[in-house]
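My structure is below; once you've seen it, I'll send some questions.
The values are calculated or read from the model by the stated rules, or taken from the named source; none is laboratory data. Since we're looking at a predicted model, the values are computed, not measured. Cβ placement follows ideal geometry from the backbone for every residue including glycine, while neighbour counts extend to all protein chains displayed. Quick note on the areas: whole protein, heavy atoms, side chains included, nothing else; ligands and nucleic acids left out. Shrake-Rupley method; radii C 1.70, N 1.55, O 1.52, S 1.80 Å.
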Amino acid sequence: MTTSVGKAPAVAPTSSSESDSFPEDGRRRVVVSSVGPRIANGRFAVKRTEGDVLRVRADLVADGHDVVAGVVRARVVGASDWVERKLASLGNDRFEAELTLDRVGRWELEVEGWIDAFASWHHELERREELGEVLDIDLAIGARLLADAATRAEASDRARLDAAAKALLDRAEPIELRTTLALALDLLALASAHADRSHATRSEPWPVVVDPVHARFAAWYELFPRATGEEGAHGTFRTAETWLPYVLEMGFDVLYLPPIHPIGLAFRKGPENTLGAGPEQPGSPWAIGAPEGGHTAVHPALGTLDDFDRLLKSARDLGLKVALDIAFQASPDHPWVRQHPEWFKHRPDGTIQYAENPPKKYQDVYPFDFETESWRELWAALRDVFRFWIARGVTIFRVDNPHTKPVPFWQWCIESIKADHPEVTFLAEAFTRPRLKYALANVGFSQGYTYFTWRSTKAGLMEYLTELTRPDIADTFRPSFWPNTPDILPDDLQYGGRPAFLARLILAGTLSSHYGIYGPVYELEEHLARPGSGEYAKSEKYEIRQWDRNRPSPTRRAITSLNAIRRAHPALQRNETLRFHPTDNEFILCYSKIWGEDVVVVAVSLDFQHRQSGWVTLDLASLGIDPEETFQVHDLLGGGRHAWRGSRSYVDIDPQALPAQIFAVRRKVRSERDFDYYL
């Protein structure tokens with residue numbers, strides 16, 4: 001197209017059309033960003049426990065110099081009313097608010113930001129007042145803003161705002177007096193509380209799951225019910241009841257039972273995982289299902305469902321919780337194999353594929369085929385297993401090998417369960433790749449097993465715990481530390497003797513607020529492994545063992561002491577303040593936790609044979625201790641008391657006595673004469 005000289009080129013007139021793309025409201029000037037904590041930009045839920053204070057931060061940015069205000073809005077999903085907490089400025093357009101999560105359930109949160117017109121005017125008026133340039137028109141603008149705020153206020157607030165607006169317009173009063181009234185901080189707070197939020201910007205909502213406190217802080221004790229019988233007899237729910245006081249006396253919160261279902265006969269495993277066991281051999285509890293039933297039945301040798309209910313009630317009456325193992329797999333005798341063969345993977349010869357993890361073979365277990373055409377029916381049936389046991393009063397589940405089932409199934413299943421039963425928690429027994437472990441946490445598992453069992457060096461422990469306690473992992477993955485399991489007898493426990501049992505126990509219970517042991521083998525210091533494996537000899541997985549719970553056990557006394565210390569010290573009931581402190585001895589690991597006024601410092605020797613000593617350099621600032629302050633440390637295990645001053649302190653650990661020291665720190669000790677006063 002050509003253009004004549006001296007004439008502007010032809011321009012098509014602008015007009016609104018369907019091709020125009022405008023925002024919903026272009027008057028929303030505040031940009032809300034960098035909202036946290038959020039997981040995967042809000043795709044997955046942040047985890048907290050009942051009573052926790054959630055610190056929410058966000059960037060609220062707007063053009064120009066107007067004052068920006070904002071709130072965090074929160075509600076339990078399904079509730080009609082939102083709770084709001086004002087965001088306080090941290091400077092540089094960063095804001096923060098604290099929200100107490102006072103109810104178990106799934107919450108939704110959002111951040112809202114807006115221009116506070118009265119606060120912006122108030123700030124400008126301050127500058128004019130400093131320069132002596134306040135005019136009646138300036139006060140008239142403020143009066144109009146106050147009158148506007150009054151329309152959004154109720155009763156007494158409305159009257160106060162209207163009265164203030166009239167006072168600013170009253171020219172019978174000196175302008176200096178009216179300016180002082182306009183700049184009053186209580187008036188600023190009142191007007192800002194009723195600011196115009198019609199053009200506010202809201203972030204996308206994101207979820208927070210609030211679990212019972214035991215999801216964060218608990219000690220678990222694993223016990224095979226069939227091992228509670230006398231003189232070789234098969235234990236029952238009734239005999240397991242007699243162990244409740246024993247578990248409670250050691251200070252555990254949760255009694256965890258391996259699978260309690262009927263056990264199949266086909267390909268039943270004998271001692272040491274051998275094939276060809278006869279009916280007289282008990283088989284593996286994880287080979288679930290027999291003619292008596294499957295995942296919603298109990299093994300007849302253990303008793304009846306009524307007996308199980310009685311065990312639950314007895315535990316509740318003592319203040320103990322019971323966790324049930326759920327393993328989604330089936331023995332060849334499981335009713336589902338006959339009723340729903342399409343739920344299992346068939347080989348070319350028509351037989352069903354059993355579970356394998358070469359070189360291990362599990363001929364007594366059939367895995368489910370999650371790619372079956374009938375996947376919806378399979379998903380529903382598995383979810384209903386949880387529902388069955390929840391109806392009987394079970395609210396804690398340890399899930400076996402969840403990493404061998406699809407992550408989308410777990411997300412659907414757990415969200416479905418927690419929608420009706422938000423108090424239910426799930427522990428993932430997943431020894432697998434890190435990102436898969438964290439994916440399971442993202443989709444709803446309350447806690448997860450970890451690699452702690454194999455972390456035995458100073459560097460390895462520090463590196464791993466640093467990973468677990470950093471955002472975003474710490475916001476969704478709660479580690480559960482287990483020094484042993486029925487499947488795992490690590491080298492330290494095989495060869496380290498009692499010092500290893502004590503050290504690994506103390507590490508588990510103080511590095512992590514959630515831990516467990518497989519007993520009674522732990523407190524009785526069973527350490528014989530099956531040759532060529534990292535598993536127990538004469539494993540309870542394949543045969544019935546009996547245990548003498550009255551046998552004297554120093555390790556049992558240490559377990560009882562540790563659990564009492566954990567209960568008494570809030571610092572040990574959380575992980576987020578864990579901090580490592582340098583030592584000049586590669587065998588001594590030193591770390592601290594702090595919560596409020598409670599400060600705990602732990603020193604553990606990783607050498608189970610020889611005495612180790614050295615200097616610890618404490619980060620006093622992180623402990624809230626003045627470098628010039630003398631403070632007392634009380635060894636909660638050994639009983640000694642020491643006066644420390646400055647950042648460097650000497651520790652001496654004899655593993656044959658105690659391989660660790662757990663120090664309660666008492667700050668603001670003026671002299672050694674004040675020791676008892678500060679205890």
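Of all residues in segment 283-311, how many are surrounded by 21 or more Cβ atoms within 10 Å (Cβ to Cβ), of a type outside the set (A, V, I, L, M) and either in contact with a His (Cβ under 7 Å, 6 or more places away or on another chain) or free of Cβ contacts under 8 Å to residues at least 60 places away in the same chain (or both)?
Adding up the residues that qualify gives 4.
Of all residues in segment 62-88, which are within 30 Å of ASP211 (Cα to Cα) and part of a strand (DSSP E or B)?
Initial filter on segment 62-88 (within 30 Å of ASP211 (Cα to Cα)): 70-88.
Residues satisfying the conditions are GLY70, VAL71, VAL72, ARG73, ALA74, ARG75, VAL76, VAL83, GLU84, ARG85, LYS86, ALA88.
Can you name the residue in segment 458-492 that is free of Cβ contacts under 8 Å to residues at least 12 places away in the same chain and closer than 30 Å to GLU526 by Cα and, of all such residues, is most open to solvent (accessible area, probe 1.4 Å)?
Only one residue tops the list, namely GLU463.
Can you say whether GLU540 is over 27 Å from PRO582 (Cβ atoms) and in contact with a Leu (Cβ under 9 Å, 6 or more places away or on another chain), as far as the supplied structure shows?
So GLU540 does not fit the description; no.
State which residue pairs qualify: first residue free of Cβ contacts under 8 Å to residues at least 60 places away in the same chain and inside segment 234-249, second residue open to solvent by 60 Å² or more (accessible area, probe 1.4 Å) in any location, beta carbons under 9 Å apart, and separation of 6 or more residues or different chains.
Short answer, once both residue conditions are applied: THR239/GLU230.
Something else about it: Output the qualifying pairs, or none if there are none: Cβ atoms under 6 angstrom, residues six or more apart or on different chains, first residue in segment 165-188 and more than 19 Å from THR151 (Cα to Cα), second residue assigned to a helix (DSSP H, G or I).
So the pair list comes out as ARG178/LEU139; ARG178/LEU168; THR179/GLU129; LEU181/ALA167.
While we're on this one: Tell me, please, whether a residue that is among the charged types (D, E, K, R), out of contact with any Asp or Glu (no Cβ under 9 Å at 6 or more places or on another chain), surrounded by fewer than 20 Cβ atoms within 10 Å (Cβ to Cβ) and assigned to a helix (DSSP H, G or I) can be found in segment 215-232.
No; the residues of segment 215-232 include none that is among the charged types (D, E, K, R), out of contact with any Asp or Glu (no Cβ under 9 Å at 6 or more places or on another chain), surrounded by fewer than 20 Cβ atoms within 10 Å (Cβ to Cβ) and assigned to a helix (DSSP H, G or I).
Hey, another quick one. Please work out which residue is least open to solvent (accessible area, probe 1.4 Å), limiting yourself to segment 172-196 and to residues that are more than 45 Å from the chain's Cα centre (by Cα) and either farther than 22 Å from GLU129 by Cβ or of a type in the set (D, E, K, R) (or both).
Checking each candidate, the answer is ARG178.
Check segment 605-618 and report whether any residue there is touching a Cys at 6+ places or on another chain (Cβ under 7 Å) and either outside any helix (DSSP H, G or I) or closer than 30 Å to TYR495 by Cα (or both).
Narrowing segment 605-618 to residues touching a Cys at 6+ places or on another chain (Cβ under 7 Å): 616.
Subset that is either outside any helix (DSSP H, G or I) or closer than 30 Å to TYR495 by Cα (or both): 616.
Yes, some residue in segment 605-618 is touching a Cys at 6+ places or on another chain (Cβ under 7 Å) and either outside any helix (DSSP H, G or I) or closer than 30 Å to TYR495 by Cα (or both).
Related question: In segment 534-558, what residues are part of a loop (DSSP other than H, G, I, E, B) and in contact (Cβ under 8 Å) with a residue 60 or more places away in the chain?
Residues satisfying the conditions are ALA537, LYS538, SER539, GLU540, LYS541, TYR542, GLU543, ILE544, ARG545, GLN546, TRP547, ARG549.
Within segment 185-218, take every residue that is out of contact with any strand residue (DSSP E or B) (no Cβ under 9 Å at 6 or more places or on another chain) and not aliphatic (A, V, I, L, M) and give me the one that is nearest to PHE445 (Cα to Cα).
HIS194
Okay, moving on. Being more than 16 Å from VAL71 (Cβ to Cβ), open to solvent by less than 70 Å² (accessible area, probe 1.4 Å) and in contact with a strand residue (DSSP E or B) (Cβ under 6 Å, 6 or more places away or on another chain), is that true of even one residue in segment 160-171?
The answer is no, given that none of the residues of segment 160-171 is more than 16 Å from VAL71 (Cβ to Cβ), open to solvent by less than 70 Å² (accessible area, probe 1.4 Å) and in contact with a strand residue (DSSP E or B) (Cβ under 6 Å, 6 or more places away or on another chain).
I'm checking my understanding of the structure. Among residues of segment 317-341 that are polar (S, T, N, Q) and under 17 Å from TRP375 (Cβ atoms), which one is least open to solvent (accessible area, probe 1.4 Å)?
Per the criteria, the residue is GLN329.
Output the residues belonging to segment 426-452 that are of a type outside the set (Phe, Trp, Tyr) and assigned to a loop (DSSP other than H, G, I, E, B). Show your work before the answer.
At the first step, the residues of segment 426-452 found to be of a type outside the set (Phe, Trp, Tyr) are 427-430, 432-437, 439-444, 446-448, 450.
Matches in segment 426-452: ALA430, THR432, ARG433, VAL443, GLY444, SER446, THR450.
So, one more: Name the one entry in TYR522, TYR536 that is touching a Lys or Arg at 6+ places or on another chain (Cβ under 8 Å), over 30 Å from ASP619 (Cα atoms) and open to solvent by less than 30 Å² (accessible area, probe 1.4 Å).
TYR536
It is to be established whether one or more residues within segment 336-350 are part of a helix (DSSP H, G or I), among the aromatic types (Phe, Trp, Tyr) and either out of contact with any Lys or Arg (no Cβ under 8 Å at 6 or more places or on another chain) or free of Cβ contacts under 8 Å to residues at least 24 places away in the same chain (or both).
Within segment 336-350, one or more residues are part of a helix (DSSP H, G or I), among the aromatic types (Phe, Trp, Tyr) and either out of contact with any Lys or Arg (no Cβ under 8 Å at 6 or more places or on another chain) or free of Cβ contacts under 8 Å to residues at least 24 places away in the same chain (or both).
While we're here: If you check every pair at least six apart or on different chains, which have Cβ atoms under 8 Å apart with a residue in segment 49-70 that is on the phi > 0 side of the Ramachandran plot and open to solvent by 10 Å² or more (accessible area, probe 1.4 Å) first and a residue that is in a loop (DSSP other than H, G, I, E, B) and of a type in the set (D, E, K, R) second?
Filtered contacts from segment 49-70: GLY51/ASP102.
Let me ask something else. Please specify each residue of segment 387-404 satisfying the condition of being surrounded by 18 or more Cβ atoms within 10 Å (Cβ to Cβ), part of a helix (DSSP H, G or I) and either in contact with a Ser or Thr (Cβ under 7 Å, 6 or more places away or on another chain) or of a type in the set (Asp, Glu) (or both).
Once the filter is applied, which keeps residues that are surrounded by 18 or more Cβ atoms within 10 Å (Cβ to Cβ), part of a helix (DSSP H, G or I) and either in contact with a Ser or Thr (Cβ under 7 Å, 6 or more places away or on another chain) or of a type in the set (Asp, Glu) (or both), segment 387-404 yields only HIS403.
Can you confirm whether LEU255 is surrounded by 21 or more Cβ atoms within 10 Å (Cβ to Cβ) and of a type outside the set (D, E, K, R)?
For LEU255, the condition - surrounded by 21 or more Cβ atoms within 10 Å (Cβ to Cβ) and of a type outside the set (D, E, K, R) - is met.
Got a number for residues in segment 345-383 being of a type outside the set (Gly, Ala, Ser), crowded, with 17+ Cβ neighbours inside 10 Å and within 19 Å of ALA297 (Cβ to Cβ)?
6
While we're on this one: Do we have THR510 as at pLDDT 95 or above and surrounded by fewer than 19 Cβ atoms within 10 Å (Cβ to Cβ) here?
Considered against the rule, which asks whether it is at pLDDT 95 or above and surrounded by fewer than 19 Cβ atoms within 10 Å (Cβ to Cβ), THR510 comes out as no.
Can you give me the number of residues within segment 219-265 that are touching a strand residue (DSSP E or B) at 6+ places or on another chain (Cβ under 9 Å) and on the phi > 0 side of the Ramachandran plot?
Counting residues in segment 219-265 that are touching a strand residue (DSSP E or B) at 6+ places or on another chain (Cβ under 9 Å) and on the phi > 0 side of the Ramachandran plot gives 1.
Kindly check whether there is at least one residue in segment 525-533 that is in contact (Cβ under 8 Å) with a residue 40 or more places away in the chain, surrounded by fewer than 21 Cβ atoms within 10 Å (Cβ to Cβ) and either out of contact with any strand residue (DSSP E or B) (no Cβ under 8 Å at 6 or more places or on another chain) or of a type in the set (S, T, N, Q) (or both).
Of segment 525-533, the ones in contact (Cβ under 8 Å) with a residue 40 or more places away in the chain are 529-530.
Filter again for surrounded by fewer than 21 Cβ atoms within 10 Å (Cβ to Cβ), leaving 529-530.
Restricting the remaining residues to those that are either out of contact with any strand residue (DSSP E or B) (no Cβ under 8 Å at 6 or more places or on another chain) or of a type in the set (S, T, N, Q) (or both) gives none.
Looking through segment 525-533, none of the residues is in contact (Cβ under 8 Å) with a residue 40 or more places away in the chain, surrounded by fewer than 21 Cβ atoms within 10 Å (Cβ to Cβ) and either out of contact with any strand residue (DSSP E or B) (no Cβ under 8 Å at 6 or more places or on another chain) or of a type in the set (S, T, N, Q) (or both).
Quick one: how many residues across segment 406-425 are among the hydroxyl-bearing types (Ser, Thr, Tyr) and part of a helix (DSSP H, G or I)?
Just the residues of segment 406-425 that are among the hydroxyl-bearing types (Ser, Thr, Tyr), to begin with: 416, 425.
Among the residues that remain, those that are also part of a helix (DSSP H, G or I) are: 416.
Number of matching residues: 1.
Follow-up question, since we're still on this one. Pairs needed: first member in segment 641-667, at pLDDT below 95 and of a type outside the set (S, T, N, Q); second member anywhere, open to solvent by 40 Å² or more (accessible area, probe 1.4 Å) and not in a strand (DSSP E or B); C-beta distance under 7 Å; at least 6 residues apart or different chains.
ALA643/GLU672; GLY646/PRO627; ARG666/TYR678; ARG666/LEU679; ARG667/GLY624
Taking segment 511-528 on its own, how many of its residues are over 16 Å from the mean Cα position of the chain (by Cα), of a type outside the set (A, V, I, L, M, F, W, C) and not in a strand (DSSP E or B)? Break it down into steps so the answer makes sense when it comes.
Residues of segment 511-528 over 16 Å from the mean Cα position of the chain (by Cα): 517-528.
Narrowing the set further to residues that are of a type outside the set (A, V, I, L, M, F, W, C) leaves 518-520, 522-523, 525-527.
Restricting the remaining residues to those that are not in a strand (DSSP E or B) gives 519-520, 522-523, 525-527.
Residues meeting the conditions: 7.
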